[in-house]
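*Asks:* After the structure tokens below, expect a handful of questions from me.
The values are calculated or read from the model by the stated rules, or taken from the named source; none is laboratory data. Since this is a predicted model, take the numbers as computed values, not measurements. No Cβ is skipped: glycine too gets one built from the backbone with ideal geometry, and neighbour counts run over all protein chains shown.
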């Protein structure tokens, strides 16, 4: 863990305030966050029909030219509540930058300078990594998963056995897509999380290397739980996570090298300043 300097301690002491002021500030940030989510929800809900149409493109491509190229709903409110889910999902995505900014403005005064410098770049990288992960799920995994499941259809009556045809439900398809988008979006936060921990000195590259085998097992187990029940879908998440872990190791190595270089430069500057001060003292004595 990186120890704060006396200057950092003094700067943090200057931001101390009574508990009531912190609670008032927290309430203000929460109100702003809720209002931003409400506005974003209204925007997303008003466009939910078009968002859902976009989410169904992989299924539409897989069912193109078949008589089953449609979705069904079996409850009166199913489509409405599906659109509400889309509104909440889209609203959260739209409002996230503003909400993250409110969180930052609340916690930043209580952090040391080196902690603020560590947090801010990673806060900006979080939505980018989420978009990359969700895009990977939508454009790479989802089409394959749909083709895999559609492959279990069987034609009409054959040798006295009934056929099996897909009749995808609106809510169930939406749940599958949202689960994959969130799972991959959060999984791709791995470099952000590990690099941040390395930046503030909680973990080291040596620790990450020594825990590599356990990490691979854990990531494989997570991929098996949150992906559709087939080995290719599991590997489609597990393999990128393995790669992201290795990227995280190298990012922590790079952070450690920069930290060591900065520390050496700081020590050299302090030594030069001390030498100059000592020389000035000697001249004064003479």
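*Asks:* Working carefully through the options 151, 110, 201, 160, find the one that is at pLDDT below 85, over 13 Å from the mean Cα position of the chain (by Cα) and within 22 Å of residue 255 (Cβ to Cβ). Don't jump to the end; show me each part of the working.
*Replies:* Values: 151 fails: within 22 Å of residue 255 (Cβ to Cβ); 110 fails: within 22 Å of residue 255 (Cβ to Cβ); 160 fails: within 22 Å of residue 255 (Cβ to Cβ).
Unique residue meeting the criteria: 201.
*Asks:* Among the residues of the stretch 128-142, is there at least one that is exposed (fewer than 12 other Cβ atoms within 10 Å of the Cβ), farther than 30 Å from residue 28 by Cα and over 20 Å from the mean Cα position of the chain (by Cα)? Give the steps one after another, and end with the answer.
*Replies:* The initial filter retains those residues of the stretch 128-142 that are exposed (fewer than 12 other Cβ atoms within 10 Å of the Cβ), namely 128, 139.
Cutting the leftovers down to farther than 30 Å from residue 28 by Cα gives us 139.
Checking which are over 20 Å from the mean Cα position of the chain (by Cα) leaves us with none.
No, that holds for no residue.
*Asks:* Tell me, please, whether a residue that is at pLDDT below 65 and either in contact with a helix residue (DSSP H, G or I) (Cβ under 6 Å, 6 or more places away or on another chain) or assigned to a helix (DSSP H, G or I) (or both) can be found in the stretch 14-32. Reasoning before the result, please.
*Replies:* Initial filter on the stretch 14-32 (at pLDDT below 65): 14-18.
Checking which are either in contact with a helix residue (DSSP H, G or I) (Cβ under 6 Å, 6 or more places away or on another chain) or assigned to a helix (DSSP H, G or I) (or both) leaves us with 14-15.
Yes, there is a match, as at least one residue in the stretch 14-32 is at pLDDT below 65 and either in contact with a helix residue (DSSP H, G or I) (Cβ under 6 Å, 6 or more places away or on another chain) or assigned to a helix (DSSP H, G or I) (or both).
*Asks:* Moving to a separate point now. Kindly check whether there is at least one residue in the stretch 46-65 that is free of Cβ contacts under 8 Å to residues at least 40 places away in the same chain, surrounded by 12 or more Cβ atoms within 10 Å (Cβ to Cβ) and not in a helix (DSSP H, G or I).
*Replies:* There is no residue in the stretch 46-65 that is free of Cβ contacts under 8 Å to residues at least 40 places away in the same chain, surrounded by 12 or more Cβ atoms within 10 Å (Cβ to Cβ) and not in a helix (DSSP H, G or I).
*Asks:* If you check every pair at least six apart or on different chains, which have Cβ atoms under 6 Å apart with a residue in the stretch 232-251 that is at pLDDT below 90 first and a residue that is not in a helix (DSSP H, G or I) second?
*Replies:* 233/227; 234/227; 237/227
Table: residues versus (1) buried (at least 17 other Cβ atoms within 10 Å of the Cβ); (2) out of contact with any strand residue (DSSP E or B) (no Cβ under 9 Å at 6 or more places or on another chain); (3) not in a helix (DSSP H, G or I).
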| residue | (1), (2), (3) |
| --- | --- |
| 195 | yes, yes, no |
| 202 | no, yes, yes |
| 216 | no, yes, no |
| 228 | yes, yes, yes |
| 233 | yes, yes, no |
| 263 | no, yes, no |
